[in-house]
């Protein structure tokens, strides 16, 4: 079975290595049928508020976004006989108000996207400054100060808001919050599990897709995002899944995809899905 990778970054985001063409060549070398170019949506379009300032450093500008799109168009034509290149972006969800700004700025590209990825990278609530899930030195202080249950609940509440907004197509690294606990897995309370199930209900209702994000293993975790218990529940509910490495280096394209498929077949996974112009296309696993 020829595979694909729908979650990749490149040097335009200021924290990944390699140009877009480097990722395309890596996908071709892996005999992939498709590659999704999905770098972070521009940060400078977000309001001037403390919770957004850290994120802005790790994205391209809105001015650069048009060049990003044009580069993908050129590569789509250049490599059309070797691989399908899909155009996308990863939205960092902060709040519904911020999402309105992002929607407005990206409106000229809505008919160009093959899919839109949505993710939660930062957590904050009223009276608390935003902090990143993905910065290791921040994890211990915030866990000690606010407690694991409070933080877990807030993360999934934000994820729920994002899915409910019905703007994105693919939910990225569903349980990204577990990065705080590496190399261990979080111990969710029943209250947290209920919100996780609520998020799944919304994904089903809104016809969204969950990515299997194998970068969790690269980040020192024992499983991809999401973890096995969540994946089993998704498969049981027949929620569509797709593949994304979240590669920040060209050599990580397609990282451990075959290992995941081999494992998930035992859980009765039968299909994965592709996108074209924001339409989902199921592909039977062979």
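The values are calculated or read from the model by the stated rules, or taken from the named source; none is laboratory data. No experiment lies behind these values; they were computed from the predicted model shown. No Cβ is skipped: glycine too gets one built from the backbone with ideal geometry, and neighbour counts run over all protein chains shown.
Descriptive notes on the structure:
Yes or no, residue by residue, for (1) in a helix (DSSP H, G or I); (2) out of contact with any strand residue (DSSP E or B) (no Cβ under 8 Å at 6 or more places or on another chain):
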{"residue": "25", "(1), (2)": "yes, yes"}
{"residue": "65", "(1), (2)": "yes, yes"}
{"residue": "80", "(1), (2)": "no, yes"}
{"residue": "114", "(1), (2)": "no, no"}
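- Pairs with Cβ under 7 Å, 6+ apart, first in region 17-39 and at positive phi and buried (at least 17 other Cβ atoms within 10 Å of the Cβ), second at pLDDT 95 or above and in a loop (DSSP other than H, G, I, E, B): 18/10; 18/249
- Any hit, region 103-114, residues being surrounded by 20 or more Cβ atoms within 10 Å (Cβ to Cβ) and closer than 20 Å to residue 216 by Cβ: no
- Count - residues of region 140-187 that are surrounded by 21 or more Cβ atoms within 10 Å (Cβ to Cβ) and over 19 Å from the mean Cα position of the chain (by Cα): 1
- Cβ separations smaller than 9 Å between residues 6+ apart or across chains give the following pairs from region 169-190 residues that are in contact (Cβ under 8 Å) with a residue 24 or more places away in the chain and at positive phi to residues that are in a helix (DSSP H, G or I) and surrounded by 23 or more Cβ atoms within 10 Å (Cβ to Cβ): 173/216.
- Meets criteria (in contact with a helix residue (DSSP H, G or I) (Cβ under 8 Å, 6 or more places away or on another chain) and either modelled with pLDDT of 95 or more or closer than 27 Å to residue 283 by Cα (or both)) for residue 166: yes
- Set side by side, the residues 205, 238 differ, and just one is without any contact (Cβ under 8 Å) to a residue 24 or more places away in the chain and at positive phi, which is 238.
- One residue stands out among those in region 223-267 that are in contact with a helix residue (DSSP H, G or I) (Cβ under 6 Å, 6 or more places away or on another chain) and crowded, with 22+ Cβ neighbours inside 10 Å: the one that is farthest from residue 30 (Cα to Cα), which is 225.
- Pairing each residue of region 264-286 that is over 20 Å from residue 110 (Cβ atoms) with any residue that is loosely packed, with under 12 Cβ neighbours inside 10 Å and at pLDDT below 95, provided the two are 6+ apart or on different chains, yields C-beta distances under 8 Å for 285/1; 286/1.
- Residues of region 124-168 satisfying the condition of being free of Cβ contacts under 8 Å to residues at least 12 places away in the same chain, farther than 18 Å from residue 191 by Cα and part of a loop (DSSP other than H, G, I, E, B): 126, 127, 135
- Qualifying position, being surrounded by fewer than 22 Cβ atoms within 10 Å (Cβ to Cβ) and modelled with pLDDT of 95 or more, among 70, 63: 70
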